[in-house]
Each structure stands twice: as structure tokens, then as C-alpha cells.
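The values are calculated or read from the model by the stated rules, or taken from the named source; none is laboratory data. Everything numeric in this text was worked out from a predicted model, so none of it was measured. Cβ: placed from backbone, ideal geometry, glycine included. Neighbour counts: every protein chain shown.
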Amino acid sequence: MSALKTAVGNVILENPGMVASGIMDETGASMVRMLEAGAGAVVSKSIGMEPKAGHANPCFTEVEGGLVNAMGLPGPGIELFKEEMEEAVPHGNIVGSVAGANAKEFTSLAIKMEEYGACAVELNMSCPHAKGYGMELGTDPAIVKEIVSVVKSAVKIPVWAKLTPNTHILPQIALAAQDGGADAIVAINTLKAMVISPEFAKPFLSNKFGGLSGPAVKPVGVRAIYDLYKVVSIPLVGVGGISNWRDAAEYIMAGAQAFQIGSAVLTDGPGVFGKVNRDLEVFMKDYGYGSVKDMVGVANE
């Protein structure tokens with residue numbers, strides 16, 4: 001058995017690195033490409049009930065240490081996404097990411113993703129730049145528990161809750177998701193951020209603020225996983241700023257069973273998965289870790 005094989009609950013991954021939602025996961029062909037590049041799973045773009053244009057340009061910019069985006073959850077809607085899922089699912093693990101405005105919408109979306117063959121559904125309750133969605137729901141423990149509970153009762157596939165770092169009560173929110181029946185916690189989503197153009201004396205993004213991702217957020221994400229590992233008993237998936245084996249190892253040692261890579265796919269290309277896999281396996285062999293499981297949470301001991 002490969003040392004890199006791991007599991008997030010019932011979802012078995014040949015490699016611990018997944019594609020984070022929002023990067024190279026909008027079409028069936030792009031999701032297949034990520035699996036072929038060495039991703040253990042692909043998390044789809046966050047899909048809503050209806051087609052959505054997202055925010056007007058400019059909605060994306062590079063900053064020192066990362067990227068700031070305010071895409072506004074654009075997408076084709078759940079009905080049209082069926083053909084993309086049908087193309088990708090036969091090639092490997094596809095986690096269906098969904099974004100609803102309430103428990104009813106999340107449930108309808110999750111049911112569709114299950115029908116389309118998703119191995120799990122990831123509830124995006126953490127986007128910082130989509131009004132009425134994401135972080136606006138995911139910072140209230142009662143709402144988080146309700147959404148997870150209703151979705152969990154409606155589908156048989158695992159339900160993952162993706163949480164925001166933009167709160168001082170992240171442990172309580174994670175516990176609410178666990179109490180609602182979540183099978184795993186995914187942390188973190190982007191940090192709420194802003195870029196101002198001095199020449200125009202205005203915010204650069206059309207939405208004024210967006211989400212910061214990339215290397216700058218990694219210490220925040222690692223700290224979140226470290227804290228949550230002490231609080232919840234369900235598996236954790238670490239996200240935020242991972243671009244090499246060392247970053248991945250930090251998340252695993254903090255308590256993550258697996259991890260997701262987003263911005264680095266954009267900056268380094270799909271080959272980042274193969275490189276992280278190879279280098280992480282070398283590290284594990286050199287330091288006597290026979291499996292990912294052997295590394296999970298060791299920094300907490």
C-alpha cells in the first residue's frame with residue numbers, strides 16, 4: 001500500500017492532496033486533468049441553484065504573498081453542471097461543492113450532487129464575498145448546525161462543512177457542524193481582504209473586498225486545524241496556502257487527514273500535485289512515517 005493513501009471518513013484517497021473548490025474544477029475536462037496530475041480528489045466549483053454571473057471585473061488581483069479574488073460564486077447552476085460531473089466522475093473522486101442561501105437550497109443541491117455521482121458533498125458556508133451566501137451563514141453556529149443536519153438527513157454520501165477563518169468562534173462553529181452530523185470539517189476558506197488603488201483612490205475590486213488566498217494564509221490555516229483537532233472528533237481537511245510538501249506536512253501534523261491545494265494550481269500549474277506527492281513521500285520515508293495516518297496530529301502530542 002502506498003504511504004500516501006489516506007481517508008477522510010469513508011472517502012478513500014490514493015493521494016492526500018485534493019483540488020480546492022474554485023480552481024480548475026469548472027468543467028469535466030479540467031477535473032479529469034487534475035486527477036491525472038496526481039490529485040486524490042477534485043472539489044468542484046461551488047455550484048448554486050441557478051446560473052450566476054458573479055461580480056463584474058476587476059474581480060481578481062495578485063498581491064504580495066497571495067491572491068485576492070471576489071468572483072462572486074459564478075457558475076452554470078446545478079442542472080447544467082450535470083454534464084460536467086458525468087464526464088469527470090468515472091475518472092476518480094469528485095467532491096461536489098455547493099453554495100445555497102438556506103438549508104432548503106443546500107439540501108436540493110446536495111441531492112443533485114449525490115445523483116450526479118459525487119463521492120461527498122462540501123457545503124460552502126465560508127465564502128467572504130457573496131452576499132447572502134457563504135460566510136454570512138457560516139458564522140452562526142445555529143444556522144450551521146441546521147444546514148448540516150437537514151442536508152445530512154437527505155443524502156447518503158458524506159457531508160463536509162467548509163468553514164471560514166473570519167470569525168472568533170471557529171471552534172464553536174466546527175462543533176455545531178459536528179453536532180449537525182457533518183462527516184468532516186474543511187478549513188479554511190479565504191480571509192476577507194481588500195486592495196486599494198492609490199492612483200484612483202478607490203478599492204481595486206468591483207466588489208470592494210474579496211478573499212485572500214495563497215502562501216500568506218498558510219499559518220492561519222495551520223493554526224485553525226491545530227485548534228480544531230483538539231475540539232472535534234470528525235476528520236479534518238486542511239486548506240490554505242499549500243504549495244509544497246512542507247506546507248502539506250504542517251497541515252497533516254496539525255491534525256488534517258488530507259489537504260486541498262488551490263492558488264498553487266494557478267501559479268505553479270497542475271504539476272504541483274505530482275511534486276508534492278513525490279516530495280512528501282520522500283520526507284515520510286526519511287523520517288519513518290509509514291502512512292499519512294502516522295503523521296496526523298503529531299504536533300499536538
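Filter the stretch 185-229 for residues that are closer than 22 Å to Ile242 by Cα, in contact with a strand residue (DSSP E or B) (Cβ under 9 Å, 6 or more places away or on another chain) and of a type in the set (Phe, Trp, Tyr) and give the result.
Tyr229
Report yes if Val95 is at pLDDT 95 or above, within 30 Å of Phe204 (Cβ to Cβ) and not aromatic (Phe, Trp, Tyr), otherwise no. Please lay out each step first, then the result.
Working: at pLDDT 95 or above: yes; within 30 Å of Phe204 (Cβ to Cβ): no; not aromatic (Phe, Trp, Tyr): yes.
Criteria not met by Val95.
With the structure loaded, tell me whether Glu115 is buried (at least 24 other Cβ atoms within 10 Å of the Cβ), charged (D, E, K, R) and either in contact with a helix residue (DSSP H, G or I) (Cβ under 8 Å, 6 or more places away or on another chain) or at pLDDT 95 or above (or both) or whether it fails that test. Break it down stepwise before answering.
Details: buried (at least 24 other Cβ atoms within 10 Å of the Cβ): no; charged (D, E, K, R): yes; either in contact with a helix residue (DSSP H, G or I) (Cβ under 8 Å, 6 or more places away or on another chain) or at pLDDT 95 or above (or both): yes.
Criteria not met by Glu115.
When the stretch 67-121 is examined, which residues are found to be touching a Leu at 6+ places or on another chain (Cβ under 8 Å) and at positive phi?
Selection gives Gly92 alone.
Looking at Val232, Val237, Val282 in this structure, which one is more than 14 Å from the chain's Cα centre (by Cα), closer than 20 Å to His168 by Cα and of a type in the set (A, V, I, L, M, F, W, C)?
Val232
Yes/no matrix, rows are residues, columns are (1) within 16 Å of the chain's Cα centre (by Cα); (2) free of Cβ contacts under 8 Å to residues at least 40 places away in the same chain:
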position: Leu4; (1), (2): no, no
position: Val11; (1), (2): yes, no
position: Gly17; (1), (2): yes, no
position: Ala20; (1), (2): yes, no
position: Arg33; (1), (2): no, no
position: Val42; (1), (2): yes, no
position: Lys52; (1), (2): no, yes
position: Ala56; (1), (2): no, no
position: Val63; (1), (2): no, no
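In the stretch 181-216, how many residues are under 14 Å from the mean Cα position of the chain (by Cα) and among the small types (Gly, Ala, Ser)?
5
Just to verify a result, which residue in the stretch 22-46, among those that are surrounded by 24 or more Cβ atoms within 10 Å (Cβ to Cβ) and polar (S, T, N, Q), is nearest to Asn69 (Cα to Cα)? Write out each step before concluding.
Taking the stretch 22-46 and keeping what is surrounded by 24 or more Cβ atoms within 10 Å (Cβ to Cβ), we get 22, 25, 31, 34, 39-46.
Filter once more, keeping what is polar (S, T, N, Q): 44, 46.
Values: Ser44: 17, Ser46: 14 Å.
Among those that are surrounded by 24 or more Cβ atoms within 10 Å (Cβ to Cβ) and polar (S, T, N, Q), it is Ser46.
For the stretch 1-25, give me each residue that is part of a loop (DSSP other than H, G, I, E, B) and modelled with pLDDT of 95 or more.
Residues of the stretch 1-25 part of a loop (DSSP other than H, G, I, E, B): 1-5, 9-10, 14-16, 20-25.
Hits for the stretch 1-25 are Ala3, Leu4, Lys5, Gly9, Asn10, Glu14, Asn15, Pro16, Ala20, Ser21.
Could we say that Gly38 is part of a loop (DSSP other than H, G, I, E, B) and in contact with a Leu (Cβ under 8 Å, 6 or more places away or on another chain) here?
Details: part of a loop (DSSP other than H, G, I, E, B): yes; in contact with a Leu (Cβ under 8 Å, 6 or more places away or on another chain): no.
Criteria not met by Gly38.
Would you point out which residue out of Ile78, Ile94, Ile147 is under 19 Å from the mean Cα position of the chain (by Cα), touching a residue at least 24 places away in the same chain (Cβ under 8 Å), more than 19 Å from Ala184 (Cβ to Cβ) and crowded, with 24+ Cβ neighbours inside 10 Å? Explain how you work it out, then say what you get.
Details: Ile94 fails: more than 19 Å from Ala184 (Cβ to Cβ); Ile147 fails: more than 19 Å from Ala184 (Cβ to Cβ).
Matching residue, one of Ile78, Ile94, Ile147: Ile78.
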